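Okay, structure first, notes after.
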Number of protein chains: 6
Amino acid sequence: MPYVNIRITREGATAEQKAALIKGATQLLVDVLGKNPATTVVVIDEVETDNWGIGGESITVRRQQGK
Amino acid sequence: MPYVNIRITREGATAEQKAALIKGATQLLVDVLGKNPATTVVVIDEVETDNWGIGGESITVRRQQGK
Amino acid sequence: MPYVNIRITREGATAEQKAALIKGATQLLVDVLGKNPATTVVVIDEVETDNWGIGGESITVRRQQGK
Amino acid sequence: MPYVNIRITREGATAEQKAALIKGATQLLVDVLGKNPATTVVVIDEVETDNWGIGGESITVRRQQGK
Amino acid sequence: MPYVNIRITREGATAEQKAALIKGATQLLVDVLGKNPATTVVVIDEVETDNWGIGGESITVRRQQGK
Amino acid sequence: MPYVNIRITREGATAEQKAALIKGATQLLVDVLGKNPATTVVVIDEVETDNWGIGGESITVRRQQGK
């Protein structure tokens, strides 16, 4: 019954990529801890680049600077 | 001063239904723990069905399969 | 398949009270949105009073001041 | 390497204001705990006023009542 | 710069198992989305079985019933 | 009515330091967005170093390597 929350910036992840994250995170919990996949929940949050900061700057600004 | 975060898939919950979740969750904390409703916060997150997985599959896929 | 996270201060909630929160929050999602209780997850976080603030002060300090 | 999540209602915060939150929260962790800003992450979630409740009512309703 | 939060019940996960979750979740973000592992954060929360509910019951009660 | 969640590793933050985080984060929301401090909630989570990873490694391991 684990709950996994994956937070990424909203930069065009496809439905196929998100399905791969869900499948992979679920399998990780099965492999490492023997958890039941049927009750393992994975939720992906996509966050605007203005709303995500690292190093005191937003990702929007960092992308403009080529970081 | 509790904080309650309710995460559901985005599938058409109405403003009335969301008001009922806010009212009900607040009352639950009052009834069970005697918390002060004036400082009880409830936040509802609605998540795209592509972004929510259970059993290793997205809800989008499960809905298509009639699960 | 909703996920509900209830965050409260750690001030002696009993196993019975926590069971009542789990039961009540699950029932709320059934009643308001017709969700399936079998896949509804409720997680309660108990937080030290030094680690919870409102109005710019910790709950520890507010309790000492009789607030 | 701290992670700071700031949740506010979606009521028109500008990119400049969000940049100020990111900068300010990062600096706070540097000033108080000596954390490394390069690995300090700040994520801002903007939540619809229908989806945020306090005192058992949504912010939408409270705004209409002039609260 | 993704942030992954893995929430599990506190039932004896070892440091080695937790290291495997950290390594595996980080690699998943690299493989699926090409994210930079150096700024990928993984946080594991271990939650008491009294504080985790599914199907309206705590995990403590479900374990006693052999579920 | 903002909600701020600050997550740090558990490495001896004092009650005074945590009070400073609460005061500073609350003031930041007042200064940048004009929020009401009386309903601004700050919650600090302290996480074991085995349970926090960056770059695919736990903080426990990174501390041992002098990172």
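Each reported figure results from applying straightforward, stated rules to the coordinates on display, with no laboratory input. Everything numeric here is computed off the predicted structure, so don't read it as measured data. Please note: Cβ atoms are built from the backbone with ideal geometry, for glycine as well, and neighbour counts cover all protein chains shown.
With runs of 4+ DSSP H residues as the only contributors, calculate the mean residue ellipticity of chain B at 222 nm using -39,500 (n - 2.57) per run, divided by the residue total and rounded to the nearest 500.
-11500 deg cm²/dmol
Quantify how much of the Cα-Cα distance distribution of region F:3-64 extends past 13 Å, in percent.
Tail fraction, whole percent: 66.
Name the GluC sites (Glu not before Pro) in chain B that are in a loop by DSSP and that have at most 13 other C-beta atoms within 10 Å, would you? Before the final figure, lay out the partial values.
Values: sites: B:11, B:16, B:46, B:48, B:57; in loops: B:11, B:48.
Hits after loop and neighbour filter: B:11.
Residue-wise, which Karplus ³J(HN,Hα) couplings in Hz belong to region E:54-63, taking 6.51 cos²θ - 1.76 cosθ + 1.60, θ = phi - 60°, and x for glycine or proline?
Listing the rounded values in order: 8, x, x, 10, 6, 4, 3, 5, 5, 5 Hz.
In debye, nearest 20: dipole of chain B around its Cα centre with unit charges on the Cβ of K, R (+) and D, E (-)?
Charge dipole of chain B: 120 debye, to the nearest 20.
For the protein assembly as shown, go through all pairs of different Cα atoms, get the mean of 1/r, take its inverse, and jot down that Kirkwood value in Å.
21.3
Taking the Cα atoms only, what angle lies between the long axis of helix F:15-33 and the longest principal axis of chain F, rounded to 10 degrees?
Helix F:15-33 sits at roughly 50 degrees to that axis.
Run the numbers on chain F and let me know its relative contact order in percent, using alpha-carbon pairs under 8 Å that are six or more apart.
Worked out over chain F, it gives 42 percent.
Report the net charge of residues surrounding residue E:2, where surrounding means a beta-carbon distance below 13 angstrom and charges are Lys +1, Arg +1, Asp -1, Glu -1.
Summing Lys and Arg as +1 and Asp and Glu as -1 gives 0.
What FRET efficiency comes out for residue B:16 versus residue E:38 if R0 is 60 angstrom and r is the Cβ-Cβ distance? Round to the nearest 0.05. Before the final figure, lay out each step's value.
Details: r = 47 Å, r/R0 = 0.78.
Efficiency, rounded to the nearest 0.05: 0.80.
Counting Lys and Arg as +1 and Asp and Glu as -1, each charge on the Cβ, what is the dipole of the protein assembly as shown about the Cα centre in debye, to the nearest 20?
Around 0 debye, computed over the protein assembly as shown.
Which whole number gives the average count of other chain Cβ atoms within 10 Å of the Cβ atoms across peptide B:59-67?
So the per-residue partner count for this stretch is 1.
Using DSSP to call loops (not H, G, I, E or B), can you name the trypsin sites (Lys or Arg not before Pro) in region D:8-44 whose Cβ has at most 16 other Cβ atoms within 10 angstrom?
Here the trypsin sites (Lys or Arg not before Pro) that fit, given the DSSP loop and packing criteria, are D:10.
Which aspartates and glutamates, on any chain, are close to residue A:35 with Cα under 12 Å apart, when same-chain ones fewer than 8 places away are left out?
In chain and number order, the partners are E:11.
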